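Read-outs: derived from the displayed coordinates by stated rules, not from any lab. It should be emphasised that the depicted structure is a prediction, and the values quoted were computed from it without experimental measurement. Glycine also receives a Cβ, built like all others from the backbone with ideal geometry; neighbour counts cover every protein chain displayed.
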Amino acid sequence: MTVEERSRVASAPARERSDGRPAVPIFEARPGSLPDRFAAALDSRHPALVFFLALLAGYLLLAAASILLALFVVHVLVGSGGLGLEGADESVNDTLAQHRTGTLTTFAEIGSQVGGAPVLPILVGIVALVCAYFRRWLIAAFAVFVLTVESATYRVTSLLVPRERPSVHRLEHLEVDASYPSGHTAASVAVYSGLVLLLTTRFTSSLKKALAWTAAILLTTFVALSRMYEGMHHPLDVAGGVLIGIGAILVLLFACRAAGAAAERRRA
C-alpha cells in the first residue's frame, strides 16, 4: 500500500474504514469466531441481512434464557413451594418505603426518567441520527437495536412469567404483575454501558476509561435504587434487569461483528 493509500485509510472519518475494518475496533470479528462462522454460513448474503438474522438469533436465545431465569426466580427462589426468599426480597422495599421523603421521591422520579422514557429514546435517537449522518451505520444500528432487544426481552419475560410487584405503596401506576425483571434497569445497562463500551474502545487513557465506566455504573445504580424506592421492583427484579441489559449488549456485538465479517467477505 502506498503512502497516499495509507493516508486515505487513516483519514476515513465517521464511517466504516476504507480498508474494510469497522470504525469501532470492538466490532471486528476474529477469524474463526462465532460471528465469523455465522457470516460464512450465510456466504454472499448482504451484510444488512446477516445483521438482522444474527440479531434475531441472538434475541431468541436471550429471551429464552431470560424466561428460564424468571421461572427459576419466581417459582423456586421466591415461590411458596420453593426456597421462600420472598420475605428477604421484600425487606429492602419495606426499608426504603419507611424512609421516603419529598426530596428523595423527587430524586427517584428523576432516576426513573433517566432509565426510561423520555431520556433513553431521545438519547438513542440522537446518537443514531448523528452516526447515520456520518455514515457509521453499525454504531447507529447498535444504539437503536440494543434498546429494542432489551425492551422486547423485558416485555416477553414479564408477560410469560408474571410476578407481583412489592407490597409497599407504589408511586407509579403500572401493571401489578410485571415486577420481574426491571425494564428500567435493563434499559439503562443496555444503553449507557453499551455506548460507554463503544466509546472506551477508542480511549487510550486509563483515567478516561475509568471515569466513563464509573459514570455508567453510577447511572445504572441510581436507576435501580429509584425503581426499588418507588416500590416498583424487588432487588431480584433489578438483578434480572442487569443480566438482560448485558445480554442485549452481547447480542448487538454478535450481530455487528457478523455484519462486519459479511461485508469483508463480499469485498473479498
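Summary table below
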read-out: Test item: Cα-centred dipole of the chain, Lys/Arg +1 and Asp/Glu -1 on Cβ, debye; value: 1320 debye
read-out: Relative counts (whole %) of C-alpha pair distances in the range 110-268, using bins that are 5 Å wide; value: 1, 10, 17, 20, 19, 14, 9, 6, 3, 1, 1, 0, 0
read-out: From phi via Karplus (6.51, -1.76, 1.60), per-residue ³J(HN,Hα) for the range 200-205 in Hz, x at Gly/Pro; value: 6, 5, 9, 7, 9, 8
read-out: Along principal axes, Cα extents of the chain, largest first, whole Å; value: 70, 39, 29
read-out: Over the range 27-171, volume per residue of the alpha carbon convex hull, in Å³; value: 162 Å³
read-out: Kyte-Doolittle mean at least -1.0, axial Cα span of 30 Å or more - DSSP H helices of the chain; value: 47-72, 137-160, 206-229, 235-267
read-out: Rounded, prolate or oblate (a/c below 1.5 giving rounded, otherwise prolate when a/b exceeds b/c) for the range 45-99 by Cα gyration tensor; value: oblate
read-out: Within the chain, longest stretch free of exposed GluC sites (Glu not before Pro) [DSSP loop, at most 15 other beta carbons within 10 Å]; value: 1-163
read-out: Between the range 39-58 and the range 233-261, the alpha-carbon center distance in angstrom; value: 19 Å
read-out: Sum of -39500 (n - 2.57) over DSSP H runs of 4+, divided by residues of the chain (222 nm, nearest 500); value: -22000 deg cm²/dmol
read-out: Shape of the range 173-217, Cα gyration tensor, a/c cut at 1.5; value: prolate
